[in-house]
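What follows is a short report on a single structure.
The values are calculated or read from the model by the stated rules, or taken from the named source; none is laboratory data. If you're wondering where the values come from, they're calculated on a predicted model, not measured in any experiment. Cβ placement follows ideal geometry from the backbone for every residue including glycine, while neighbour counts extend to all protein chains displayed. The protein model used for the area step is the full one, side chains on, heavy atoms only, and it has no ligands, DNA or RNA in it. Shrake-Rupley method; radii C 1.70, N 1.55, O 1.52, S 1.80 Å.
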Amino acid sequence: MKQVKFRSVLLLLLIVLLGLGLALFCLRYTFRGEAWASFSANGHAYTDGVVRTGQVLDRNGTVLYDGPSGVYHEDSALRQATLHAVGDQLGNISTSALEAFQSRLIGFDPLTGTLSGGHKVYLTIDADLSRTAWEALDGRKGVAAVYNYQTGDILCMVSNPSFDPADPPEISDDDSDYEGVYLNRLLSGLYTPGSVFKVVTTAAALEQLPGVEERTFTCDGSVTIGDQVITCPYAHGEMDLSDAFARSCNGVYAQLAVELGADVLQDYARQAGLLEGFSVSGIPTVSGLFTAGSGGDLGWSGVGQYEDMVNPCAMLALMGSIASDDRAATPRLLYRETGVLGLPAAIPAKEKRAAVFTAETRQTLRDMMAHNVQETYGQSRFGDLAVCAKSGTAEVSDGAPHAWFVGFVDDNTLPLAFVVVVEHGGSGSDVAGSVAAQLLEQAQS
Ligand SMILES: [Zn+2]
């Protein structure tokens, strides 16, 4: 009798242990299953470290990459235009969908595991607009991006240099043609901003220097601050703040920077969102730099030179914020995800950014940036679109200036902001402005 009782207790103990073990496994499976499934040794999901399940598509359902077959879109230009958004098969582009959205592509389901097949991951980008941007950059290094500041959707983000992921070239480390080729310059690039930074200096002046809009400034072509001479391409003559902005007068802006002081300028660079990176659907962007210095250095930093460094995506988001009556949407790349039978899977909710500056300052900046187009860049280049913009021709130490053109369409029916940088492109308005004009023309059709 004693022996039977002992065996019963032992059996009961074993059953309890089994139950506990099962419960622990289920718990771990529920919380960790997705990570187990996306572990790179999972033969169901990967071949040689390449995701072989799921599909990456554009917002309209154009398949850009098919996991099971490992095949990209048939059009070579489109493959190069979307390389940095989609990713290469060797996993070199860490900010791409194939890397950042791996577990979504694998599409783990707690009931069926990965047996039901991968998920379709739709990006916010538009394939046609991406190809237009790639063709407009015409092989020049740089970035061209457009986003909808009401929804946050990034409609294109083309980064050059690029390559064809279906036929990747041999790239050696010292090949200057492929310098930084694995970086998505929109998310991870940093550039001297040049005159596009004057948007920030203008915001600071509007809010911190009472009556600045009523002042008259005079430019003789150069101004001496401390031991440095700040030069303009020619004498801009007499003007108010709005015309100093439209003519991009370095002399006026250097003097405004000195009057505002280093701390105020630094604070406005921070308020503008140019100093901190942020998340684009979970993919981090890089932080910018602003060191105001003093004297002539402070003057140059207010003009967007000296040690200023800006990330193009931060500039894009700033443009969206200036364009918005209230809070603008944060740029995002993940549009939607569908699983088995086309059922939607959960994706993060759209996010809003804190509004930049005051509502009055944003309105004045919109007016001034519209004035830039009327006075300097030429409305005819943009048809009937209510384009507000600022150009930049950023002096750099290693060659011709970088050409910048940033802005937005001030129209609720076409709420688009854009950023274009052509490295060593020369004139911001001419070179980068023409890329932006081609993008906006395509975007409204
Ligand atoms: Zn000037």
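A few comments on the model shown:
- Residue in region 192-201 that is within 13 Å of the ligand (Cβ to nearest atom) and of a type in the set (D, E, K, R) present: yes
- Scanning region 268-284 for residues that are open to solvent by 20 Å² or more (accessible area, probe 1.4 Å) and either within 11 Å of the ligand (Cβ to nearest atom) or in contact with a helix residue (DSSP H, G or I) (Cβ under 7 Å, 6 or more places away or on another chain) (or both) turns up LEU275, GLY282.
- With respect to being surrounded by fewer than 19 Cβ atoms within 10 Å (Cβ to Cβ), in contact (Cβ under 8 Å) with a residue 40 or more places away in the chain and more than 16 Å from the ligand (Cβ to nearest atom), GLU214 falls outside the description.
- Residue check for SER287: in a loop (DSSP other than H, G, I, E, B), more than 16 Å from the ligand (Cβ to nearest atom) and closer than 20 Å to SER188 by Cα: yes
Table: residues versus (1) polar (S, T, N, Q); (2) under 16 Å from GLU441 (Cα atoms); (3) open to solvent by 50 Å² or more (accessible area, probe 1.4 Å).
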site: THR358; (1), (2), (3): yes, no, yes
site: ARG362; (1), (2), (3): no, no, no
site: MET368; (1), (2), (3): no, no, no
site: VAL373; (1), (2), (3): no, yes, no
site: THR376; (1), (2), (3): yes, no, yes
site: ALA389; (1), (2), (3): no, yes, no
site: GLY392; (1), (2), (3): no, no, no
site: GLU395; (1), (2), (3): no, no, yes
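- Some residue of region 341-348 being outside the structural domain of THR201 (by TED's automatic domain parsing) and either modelled with pLDDT of 95 or more or in a helix (DSSP H, G or I) (or both): yes
- Assessment of region 415-429 against the conditions (touching a residue at least 24 places away in the same chain (Cβ under 8 Å), on the phi > 0 side of the Ramachandran plot, open to solvent by less than 30 Å² (accessible area, probe 1.4 Å) and outside any helix (DSSP H, G or I)) yields at least one matching residue.
- Taken together, the criteria exclude GLN255 from residues that are assigned to a loop (DSSP other than H, G, I, E, B), within 16 Å of the ligand (Cβ to nearest atom) and either surrounded by fewer than 21 Cβ atoms within 10 Å (Cβ to Cβ) or not charged (D, E, K, R) (or both).
- Options LEU316, LEU241, LEU260, LEU265; residue that is within 16 Å of the ligand (Cβ to nearest atom), touching a residue at least 12 places away in the same chain (Cβ under 8 Å) and out of contact with any Cys (no Cβ under 8 Å at 6 or more places or on another chain): LEU241
- Given (1) closer than 24 Å to MET315 by Cα; (2) surrounded by fewer than 19 Cβ atoms within 10 Å (Cβ to Cβ); (3) not small (Gly, Ala, Ser), number of the condition ASP220 does not satisfy: (1)
- Residues in region 297-316 that are assigned to a loop (DSSP other than H, G, I, E, B), open to solvent by 10 Å² or more (accessible area, probe 1.4 Å) and either out of contact with any Pro (no Cβ under 9 Å at 6 or more places or on another chain) or among the aliphatic types (A, V, I, L, M) (or both): TYR306, GLU307.
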